[in-house]
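Colleague: Shown below is the structure under consideration.
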Amino acid sequence: MKAFHTIAIPHKDILKGKLTLEVFAADLHEVSLNQGSDEYRNSKIFFEKTYLTNGLENLLSVVERRIKGNGGDPVIQLQTPFGGGKTHSLIALFHKAKEWKANKVVIVGEKIEATDTLWGLIEKQLTGKITKFKAMHAPGGESLKELLSSHQPLLILMDEVLQYITRAAGVKVEASNLAAQSIAFMQALTEAVSQLPNTVLLLSLPSSVPEHYDENAEMLYNKLQKVSGRVEKIYTPVEDSEITKIIRRRLFSDVDESEAEKIIKAYVEYLEKENLLPPNTQPSEYREQFLSSYPFIPDVIDVLYKRWGTFPQFQRTRGVLRLLAQVVSSLKDSNKPYITLADFDLSNQEIRQELLKHIGSPYNSVIASDITDKNSGATKVNSDIGQTYQGLSLGTRTATTIFMYSHSGGNVKGASVPEIKRSATTLDNISAVIDSVFDKLEKELFFLQKFNDKYFFSNMPNINKILVTYMDNIKESEIEKLEYELLGEKTKSHYLKVYLWEDKSNNINDDDSLKLVIIKKDNPELIKEIIKKKGANPRTKANTVIVLYPSDLDRGNFVYQLKRKIAYENILNAPNLNLSNEQRRDIKKELDKLDSAVFESLRKYYRLVAVPSKDDLKVIDLGVPTWGDIKSLSDEVYEKLINEKEILEKLSPNVLKLTFLKDNEFVFTESIYNSSLSAPGLFRLSSRNVLENAIVQGVREGTFGLGLLEGDKPMCKHYKENVTVYFEPNEIIIKDSVCIEQIEQEKQKITSTITVEETQPRQINPSVGSVPPDEDKQPTKYFEQLSLNLDLPKGKVSNLMGVLNYLQSKYEHLKIDITAFDGKMTKEELEDKIKEALRQSGIHFKFND
């Protein structure tokens with residue numbers, strides 16, 4: 001593609017670097033004195049370099065009609081923001097007045113003394129001297145009208161009047177002041193002009209009082225508006241949509257439209273392909289905008305005019321022209337086909353100082369340290385981005401674009417990713433490369449900020465750079481402390497008894513409960529010791545021990561996330577960091593996000609589970625966590641082992657039959673349960689209830705029976721009926737064939753003495769055996785409540801079970817009070833054998849210690 005400066009030919013003054021401020025400083029006062037640069041003083045050159053906006057053309061037409069006595073507005077106010085083309089319009093009228101053969105009066109408020117009077121100046125310019133209007137008091141309307149009438153056709157141009165009147169407020173005129181007299185004169189002037197057919201008054205006022213003016217100026221501004229507003233018409237000479245044409249006319253002498261269209265077509269097609277067009281903008285719309293602004297992409301004009309142009313002292317037209325002229329001059333030898341914000345050379349002192357005077361000198365060091373110096377972050381990113389992109393300066397281009405978007409006189413700041421890409425990328429590369437540039441810049445730049453998905457520079461160090469510094473200074477002990485706290489928080493369990501970072505097997509109980517032992521690192525010897533031993537002794541219930549340990553491959557990311565969390569918390573609590581409220585909010589948001597990220601990395605790190613197996617140990621990988629899953633790590637281990645059938649919540653009676661009764665007539669229920677606790681490779685139960693339910697189901701379905709071992713003979717007590725399992729020493733499950741043989745035998749009678757106390761009978765019945773009077777049949781007795789007091793002989797517990805089962809079938813609630821004496825039991829036995837068994841059976845209990 002051709003270079004832009006061979007398509008859009010810059011004016012000679014720009015190519016030669018004649019870029020003094022005066023070249024772009026429209027000064028009506030100097031023009032009236034035939035002084036200043038040719039661009040404004042020379043009528044021919046002025047109109048060659050002036051784009052006639054719709055507003056300016058309309059203004060010239062209206063004034064010409066009035067001057068020639070063909071109607072038109074007598075009093076016109078030019079009102080635009082600072083730098084919006086007011087003075088330029090007045091100069092255009094000044095040059096046209098000669099063509100119209102009209103007399104001219106020019107008053108520029110900032111050029112006249114506070115002691116001068118507006119009426120005296122008008123008289124002097126029209127007559128060459130001041131004779132009638134020497135007084136400091138405003139003249140009457142008739143004398144003013146007489147003066148003006150005698151010099152028609154007449155064009156009165158008054159620029160920056162507010163500046164003069166503000167200063168005139170300090171000049172006393174008897175009981176009044178010159179400002180009050182001047183406002184009175186303005187009222188008389190507007191009325192007089194309105195009555196003269198060939199006279200026009202053009203008055204320029206800002207659209208609002210500049211910020212550096214005081215409250216008195218605000219009051220004077222309002223009075224001036226009120227006085228002149230009665231008869232005036234307000235014109236806006238420049239619309240925002242016309243600024244690009246003004247710029248093109250002033251900076252370039254000629255543009256080859258056909259060549260420009262080729263470049264614009266390629267650029268817009270690239271934006272469309274990369275999905276980078278501005279929101280709600282069609283390709284044809286953006287193409288038209290670019291045709292108007294070429295060689296600048298539309299974003300350049302928007303940012304300068306609508307962002308930088310909102311600074312109080314940034315003259316929207318003059319300031320944009322001055323800055324763009326410097327940019328064009330700096331690129332006159334380049335081969336760039338168009339100009340973007342990324343092409344603003346911030347190392348060029350003229351461009352840099354033009355920007356700094358609006359944002360302040362502290363940004364000088366920001367630009368140097370992050371963008372332009374040879375050791376700046378952007379320069380480092382230029383070389384780190386990869387061999388393919390060497391020489392494109394993508395780090396500097398991206399950072400420069402962000403900087404240009406970062407500033408305005410209002411609250412708007414920062415650029416979205418698509419906005420940055422439109423300027424920073426090049427047509428020869430996919431825009432996605434800028435995404436990796438963002439990542440690197442965030443780590444390297446001190447002053448780059450991000451808020452609400454927009455990047456911008458500030459003169460405060462950014463959190464990312466502070467974060468890197470804090471992360472580099474985190475001690476290993478801080479990481480270890482947080483890791484332990486997180487594990488404690490994230491491994492609370494409903495199903496497993498958790499031992500955290502336990503490396504001594506003696507500290508792990510050898511009891512019936514399922515235990516999850518979490519160790520700090522992969523250590524096969526320690527895992528085997530924890531499972532097989534309790535201190536120096538063999539572990540009797542090894543099948544209840546599960547070991548969770550981390551994967552070394554995932555430690556890097558886990559430690560990184562921990563460091564980020566610690567660093568953010570330290571930054572938030574640091575007393576010497578002058579963080580803004582916005583930065584504090586951002587840090588808190590990051591910490592909120594980190595909660596899930598840290599847990600996810602913890603889960604990926606602690607993912608290996610060792611369980612006892614027939615062949616020593618079996619290792620199970622928990623795998624990648626499910627996104628959004630918030631269950632505790634220990635519960636996830638439990639669920640994984642359930643899914644892998646390493647823990648059973650349900651047991652088939654047939655498994656019991658095949659495992660224990662294939663070669664035996666019977667087996668003790670307690671032995672089955674103890675085997676499940678001690679024998680690796682045998683089923684591992686979630687609780688004793690699982691075994692109890694399997695036995696109950698097996699007896700009910702006739703898979704086997706339940707009974708007692710009396711002497712050396714199995715006695716089947718229950719078969720194909722509901723039972724309760726107690727896991728007593730002589731309680732057994734019995735082969736179904738044995739139960740069938742015994743089924744016809746007489747049931748053993750209860751040998752204990754039971755005293756039944758009758759309470760609350762439904763009706764009072766005669767004694768047993770008697771026949772009530774007038775009755776042929778004895779009424780049925782019903783007992784709504786029974787109380788039993790038992791003195792149970794040793795070895796007769798099983799006989800009692802049948803009675804209790806029958807009672808439970810008749811009554812909804814069965815309450816038992818047990819008193820045991822003439823013996824002893826340790827606290828550990830009470831806890832593990834009695835209370836734990838009752839808990840697993842779902843029985844509510846209360847001990848009277």
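The values are calculated or read from the model by the stated rules, or taken from the named source; none is laboratory data. Just so it is clear, the model here is predicted, and its values are computed rather than measured. Ideal geometry is used to build each Cβ from the backbone, glycine not excepted, and the neighbour counts take in all protein chains shown.
Colleague: Output the number of the condition that LYS124 fails; it satisfies all remaining conditions of (1) in a loop (DSSP other than H, G, I, E, B); (2) closer than 30 Å to LYS44 by Cα.
Modeller: Exception for LYS124: condition (1).
Colleague: Kindly provide the set of residues from the stretch 515-574 that are part of a helix (DSSP H, G or I), touching a residue at least 40 places away in the same chain (Cβ under 8 Å) and of a type in the set (A, V, I, L, M), ordered by number.
Modeller: Hits for the stretch 515-574 are ILE527, ILE531, ALA542, VAL559, LEU562, ILE566, ALA567, ILE571.
Colleague: Which ones in the stretch 346-370 are touching a residue at least 40 places away in the same chain (Cβ under 8 Å) and either under 21 Å from ARG322 (Cβ atoms) or surrounded by 19 or more Cβ atoms within 10 Å (Cβ to Cβ) (or both)?
Modeller: Those that are touching a residue at least 40 places away in the same chain (Cβ under 8 Å) and either under 21 Å from ARG322 (Cβ atoms) or surrounded by 19 or more Cβ atoms within 10 Å (Cβ to Cβ) (or both): LEU346, GLU350, LEU355, LYS357, HIS358, ILE359, GLY360, TYR363, VAL366, ASP370.
Colleague: Of all the residues that make up the stretch 136-163, how many are at pLDDT 90 or above, within 30 Å of LEU60 (Cβ to Cβ) and touching a strand residue (DSSP E or B) at 6+ places or on another chain (Cβ under 9 Å)? Before the answer, list the steps.
Modeller: Narrowing the stretch 136-163 to residues at pLDDT 90 or above: 136-139, 142-158.
Now drop any that are not within 30 Å of LEU60 (Cβ to Cβ), which leaves 144-158.
Within this subset, residues satisfying the condition of being touching a strand residue (DSSP E or B) at 6+ places or on another chain (Cβ under 9 Å) are 148-149, 151-158.
Selection size over the stretch 136-163: 10.
Colleague: I need a count of the residues in the stretch 394-431 that are out of contact with any strand residue (DSSP E or B) (no Cβ under 9 Å at 6 or more places or on another chain), part of a loop (DSSP other than H, G, I, E, B) and touching a residue at least 12 places away in the same chain (Cβ under 8 Å).
Modeller: 10
Colleague: On the basis of being among the hydrophobic types (A, V, I, L, M, F, W, C), without any contact (Cβ under 8 Å) to a residue 12 or more places away in the chain and within 18 Å of PHE456 (Cβ to Cβ), does LEU441 make the cut? Break it down stepwise before answering.
Modeller: Working: among the hydrophobic types (A, V, I, L, M, F, W, C): yes; without any contact (Cβ under 8 Å) to a residue 12 or more places away in the chain: no; within 18 Å of PHE456 (Cβ to Cβ): yes.
In short, no.
Colleague: Right, something else. Going by the structure shown, is GLY628 touching a strand residue (DSSP E or B) at 6+ places or on another chain (Cβ under 9 Å), loosely packed, with under 15 Cβ neighbours inside 10 Å, at pLDDT below 95 and part of a loop (DSSP other than H, G, I, E, B)? Let's see the steps before the verdict.
Modeller: Details: touching a strand residue (DSSP E or B) at 6+ places or on another chain (Cβ under 9 Å): no; loosely packed, with under 15 Cβ neighbours inside 10 Å: yes; at pLDDT below 95: yes; part of a loop (DSSP other than H, G, I, E, B): yes.
Considered against the rule, which asks whether it is touching a strand residue (DSSP E or B) at 6+ places or on another chain (Cβ under 9 Å), loosely packed, with under 15 Cβ neighbours inside 10 Å, at pLDDT below 95 and part of a loop (DSSP other than H, G, I, E, B), GLY628 comes out as no.
Colleague: While we're looking at this one, here's another question. Out of the residues in the stretch 264-296 that are of a type in the set (Val, Ile, Thr) and in contact (Cβ under 8 Å) with a residue 12 or more places away in the chain, state the one that is farthest from ARG248 (Cα to Cα).
Modeller: Going residue by residue through the stretch 264-296, those that are of a type in the set (Val, Ile, Thr) are 264, 268, 281.
Next cut, in contact (Cβ under 8 Å) with a residue 12 or more places away in the chain only: 264, 268.
Details: ILE264: 16, VAL268: 20 Å.
Ranking the qualifying residues of the stretch 264-296, first place goes to VAL268.
Colleague: Let me ask something else about it. Just checking, which of SER284, SER329 is over 30 Å from the mean Cα position of the chain (by Cα) and either outside the structural domain of ILE351 (by TED's automatic domain parsing) or surrounded by fewer than 17 Cβ atoms within 10 Å (Cβ to Cβ) (or both)? Full working, then the answer.
Modeller: On the way: SER329 fails: either outside the structural domain of ILE351 (by TED's automatic domain parsing) or surrounded by fewer than 17 Cβ atoms within 10 Å (Cβ to Cβ) (or both).
Unique residue meeting the criteria: SER284.
Colleague: Can you tell me which residues in the stretch 695-742 are part of a helix (DSSP H, G or I) and closer than 22 Å to LEU804 by Cβ? Before you say what the answer is, go through the steps one by one.
Modeller: Looking only at the stretch 695-742, we keep the residues that are part of a helix (DSSP H, G or I), and these are 695-701, 736-742.
Correct list: ILE695, VAL696, GLN697, GLY698, VAL699, ARG700, CYS739, GLN742.
Colleague: Restrict the check to the stretch 17-25 and report whether at least one residue is at pLDDT 90 or above and either β-branched (Val, Ile, Thr) or farther than 27 Å from ILE264 by Cβ (or both).
Modeller: no
Colleague: Then there is this: Quick check on GLY698: is it of a type in the set (Gly, Ala, Ser), over 57 Å from the mean Cα position of the chain (by Cα) and modelled with pLDDT under 95?
Modeller: Values: of a type in the set (Gly, Ala, Ser): yes; over 57 Å from the mean Cα position of the chain (by Cα): yes; modelled with pLDDT under 95: no.
So GLY698 does not fit the description; no.
Colleague: Across the stretch 486-500, what is the total count of residues that are loosely packed, with under 14 Cβ neighbours inside 10 Å and in a loop (DSSP other than H, G, I, E, B)?
Modeller: Adding up the residues that qualify gives 2.
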